1. What percent of all Cα-Cα pairs in segment 348-466 falls into each 10 Å bin, going from 0 up to the bin containing the maximum distance?
2. Which FRET efficiency, nearest 0.05, do residue 305 and residue 267 yield, Cβ-Cβ r, R0 30 Å?
3. Could you size up the charge dipole of segment 157-204 around its Cα centre, putting +1 on the beta carbon of Lys and Arg and -1 on that of Asp and Glu, and report it in debye to the nearest 20?
4. Multiplying the sequence separation of residue 316 and residue 74 by 0.36 nm and subtracting their Cα-Cα distance, what value in nm do you get?
5. If you project the alpha carbons of segment 190-267 onto their three principal axes, what span does each projection cover, largest first, in Å?
6. Compute the signed sum of charges (Lys and Arg +1, Asp and Glu -1) over the other residues within less than 10 Å, Cβ to Cβ, of residue 95.
7. Segment 236-265 to segment 160-202: how many Å between their Cα centroids?
8. How high is the FRET efficiency from residue 442 to residue 466, r the C-beta distance, R0 35 Å, rounded to 0.05?
Amino acid sequence: MNPSSATAPNTNEYAGDEISAIVLDPGYSSTRAGFAGEDIPKSVIPSYYGIAPTASGSSQYLFGENSIHNPLPNLEIKNPWSSDGIVEDWDTATKLWEYAITSRLTGQRPTDPTKNGLNDGTNGEGNGQMDVDMDGLDDAEKPLAESPLLMTEPGLSSAKAREKYIEIAMEDWGTPAFYLGKTGVLAAFASGKASGIVIDIGASTTTVTPIVDGLVLKKGVQKSPLAGNYMSNQLRLIFAQSQPPVPLTPHFMVASKSPVDAGAPAQAIYKKFEVPPTASFRRFEEERVLTEFKESVVETWTGPNRLSVPGTEESLKNAPGRPFEMPDGYNQLFSAERFKVAEGLFDASSALHDPDNPRPKDEQTIPRMVQAAIHHIDVDLRPIILGNVIITGGASLTYRIMDRINAELSQMFPAPRIRLIAPGNTIERKYAAWIGGSILASLGSFHQLWISKKEYEEHGPSIIDKRIK
């Protein structure tokens, strides 16, 4: 039997005699999990999940890439995170994270020995019951009973959220040891830096985290909603305001299509559904198309001047266009529009807005957030921090965004030399916090930092704030 991507590896495949710690890095768009010491996470699943009604009237939860893209009747797509990067639905988040670990790393929980079919029969007294040694059974059934867990958290996590992380790890998953690392610090470690400023452009939020000697300067942490999802919403506005409007048809609706000229209406046959897919499912599938567009067409404007400067937009009309074909065959050459998508990350006045998408605040832009973060750093340390500007997050892969960040920061801080650090490798850029956690948890000197099960049982969840600042 060939192992599939959904099959957990055998014990001998991951050196079961020497169990590695597991590193779990949950985010708004995806959740990453893998063994410490490895280069990339073995398990990467969407943080979105599906809820579908069953025949019995209950709800079925669907996790993983293969389950949530199937247009089942009444399938709703949800996310346990709120749009500002805070976990709202802890129960579902726990199930989702456990799926990320058990589907690829540890295997599912063992069946209760009293119900696994191997203990049927009698115990010699004819009462049909089999004696089962229950000592340690509870812990043995938990998915992380043998694996220490390092988990990542956002830079501005509340004390309540931090306690919830360790509670889930110890109580629900039975991990023997736990550590909580801040995403900014771990991303810096992945680049080999103990001090610097980390600009993490994710799906729901962009965060700017100043780090000095491996510690987050909390008062300097800045957070903004101008990130990957914001760019998707800008694209929706651009498509809707185009003349004629650009149709946004997701893949699942198209049965077949015929080639058409650029700008001509699509010639496609669309699938018919007895129960039309829900609005949340359609929006989720549209997001896949928008992601393809962002990856292949969108470009960051690098000057001269910002797009809001009079006359600059005229020069855009001569910029080379890039073609893009929608799933239904509609295609167009996009030129000026493709530069407007990311402009709001740097200049709030350039952002498209409507009643549902209000104009962003000036202080939410990347340059202003870096300026606010630097303001909280000692003047003597600023040259060191600005010499280590670490760029990470999936949306930081937008074409030429690095050039724009460099130009904006050089203009804002002309004296110290600005040095941007960003892995050229897509995986390293997207999963920097996970990679930093993998490096940290595999260090020989790290074992003394783990919070043990015994410590947790003695002090309760509040141990997290005492041991890990």
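The values are calculated or read from the model by the stated rules, or taken from the named source; none is laboratory data. The structure presented is a predicted model; accordingly, all values stated were derived computationally and were not measured. Note: ideal-geometry Cβ built from the backbone for every residue, glycine included; neighbour counts use all protein chains shown. Heads up: the accessible areas ignore ligands, DNA and RNA and are worked out on the full protein's heavy atoms, side chains in. Shrake-Rupley method; radii C 1.70, N 1.55, O 1.52, S 1.80 Å.
1. Percent of Cα pairs in each bin: 10, 26, 29, 22, 11, 1.
2. Numbers: r = 41 Å, r/R0 = 1.38.
The computed FRET efficiency comes out at 0.15.
3. Working: 5 positive and 5 negative charges, 49 e Å.
Around 240 debye, computed over segment 157-204.
4. Working: separation 242, 0.36 × 242 = 87.12 nm, distance 4.39 nm.
Roughly 82.7 nm would be gained on extension.
5. 59, 25, 20
6. Values: positive: none; negative: 89, 91, 98, 172.
Net of charged neighbours comes to -4.
7. Here the answer is 42 Å between Cα centres.
8. On the way: r = 25 Å, r/R0 = 0.72.
Efficiency computed from Cβ-Cβ geometry: 0.90.
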